[in-house]
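*Asks:* Can you keep this structure in mind? I'll have questions shortly.
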Amino acid sequence: MPALPERHPAGRELSSFLDGDLNDRRTEKVARHVEACPTCARELAALRNISAALASQEEVEPRPGWLSRVQEQVAAGARPASTQRIRLRLRLRLAGGIAAVAAGLMGVGLWLAPPPPAPVSFQDEVRQHLVQMNNPLSDQTSYVVEARYP
Amino acid sequence: MRSNLSQDAGPLAAAPERVPTWEEVAAEHGRFVYSLAYRLTGSAADAEDLAQDVLLRVRTALARYRPGSLEGWLLRITTNLFYDRMRHRARHPTEPLDDLDDPCEIAPSRSPSPEETALHGELRFVVQEALRRLPYQFRVAVLLCDLYQMSYEEIASTMGWRLGTVRSRIHRGRAMLRERLSPYIETPEE
């Protein structure tokens, strides 16, 4: 048995070959391989058969009266169902959004209600401590603190 | 029924400057839309529903239509609407699925035996049934490629898929169809 030109092409490549989607170089390589390889030739033939079977499907006729029903609905001003669904979805989303914003505002209100404790600076803390200790440096805390914790 | 979708085709190509009226589109291309919808959905009831929705959309969308391939334009609207619906269903599995199979279901189910098919002489029916049972992503890919003869690039642009996705969906779709159809479609020994 003669050596194959190269390894088997991937199945996906056989489909692409069938559809003329490969570049010239690959097309030539795959064509040469398929010529020499019965397995790939069978594979390609099977894909070609499937493709042909689909291509031979004929146009399907709607049931009688369908088109005239659609025409009547259009004359009566009908809207596409999906547009209606999208509108409803948008409306629900909008309502949800409003509710979320309202809840958020309430949350902010609750959070603001108790006045937040005034931040106490480190200097004040030290000063308080020194005052409690009756330390004469208490009026020079800035100097002390900054000197120690620049 | 082959239509070359990438070029001007059909009765409206004669007057490319004029945008057709809705009545003309419905009368001359309603069947095309229905047939495509039937191939996509696999049932008459779903096809009527989808095709009707497409035609109703076309009424407002016609204002944005630029004369060219009308059937290509209708095909784009129909497949995208179908695809969005299926994706929506797949994401919201609590919604009842009607007669369509779960899009993720690939497991074989009862299909007519070769004897039954030979009896009815209906290969076309078997092909349609196998197509209906493909997961919808693969069904769209093989339909656009094999039945509507679109190039990989056209499919990529119509569906907003990458070329690699188009390639693999077409091949996997054909491979799945081959598994189901091998008893009916003879592969010549070479």
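FYI, it's all coordinate maths here, none of it is from the lab. The structure presented is a predicted model; accordingly, all values stated were derived computationally and were not measured. Reconstructed Cβ throughout: ideal geometry from the backbone, glycine too, with neighbour counts over all protein chains shown.
*Asks:* Which residues' amide hydrogens lie under 5 Å from the amide hydrogen of residue A:60, considering only partners 5 or more residues apart or on another chain, with H built in the peptide plane?
*Replies:* Sorted by chain and number, the residues that satisfy this are B:35.
*Asks:* Just subtract the alpha-carbon distance of residue A:78 and residue A:98 from 0.36 nm times their residue separation and send over the number in nm, one decimal.
*Replies:* Fully extending the segment from residue A:78 to residue A:98 adds 4.2 nm.
*Asks:* Would you tell me the mean number of C-beta atoms belonging to other protein chains that fall within 10 Å of each C-beta in A:18-31, as a whole number?
*Replies:* Mean shielding by partner chains, rounded to a whole number: 2.
*Asks:* Using the crude model of +1 on Lys and Arg Cβ and -1 on Asp and Glu Cβ, and no other charge, please compute the dipole size for region A:1-70 relative to its Cα centre, in debye to 20.
*Replies:* For this selection, approximately 180 debye.
*Asks:* Each residue of region A:64-79 in turn: what ³J(HN,Hα) in whole Hz from Karplus with 6.51, -1.76, 1.60 and θ = phi - 60°, glycine and Pro shown as x?
*Replies:* x, x, 5, 5, 5, 5, 5, 4, 5, 5, 5, 4, 7, x, 5, 10
*Asks:* Continuing with this model, one more query. If I take R0 = 30 Å and measure r between the Cβ atoms of residue A:25 and residue B:80 in this structure, what FRET efficiency does the formula 1/(1 + (r/R0)^6) give, to the nearest 0.05?
*Replies:* 0.30
*Asks:* Can you classify region A:11-55 as rounded, prolate or oblate using the Cα gyration tensor, where a ≥ b ≥ c are the square roots of its eigenvalues, rounded means a/c under 1.5, and otherwise it's prolate if a/b beats b/c and oblate if not?
*Replies:* Verdict is oblate for region A:11-55.
*Asks:* What ³J(HN,Hα) values, in whole Hz, does the Karplus curve 6.51 cos²θ - 1.76 cosθ + 1.60 give for region A:21-27 when θ = phi - 60°, with x put for Gly and Pro?
*Replies:* Once rounded to whole Hz, the list reads 9, 8, 6, 4, 5, 5, 4.
*Asks:* Roughly how many nanometres apart are two label points built 7 Å out from the Cα toward the Cβ at residue A:105 and residue A:61?
*Replies:* In this crude label model, residue A:105 to residue A:61 measures out at 6.3 nm.
*Asks:* Name the residues whose placed amide hydrogens come within less than 5 Å of the amide hydrogen of residue B:68, ignoring near sequence neighbours (fewer than 5 apart) on the same chain.
*Replies:* none
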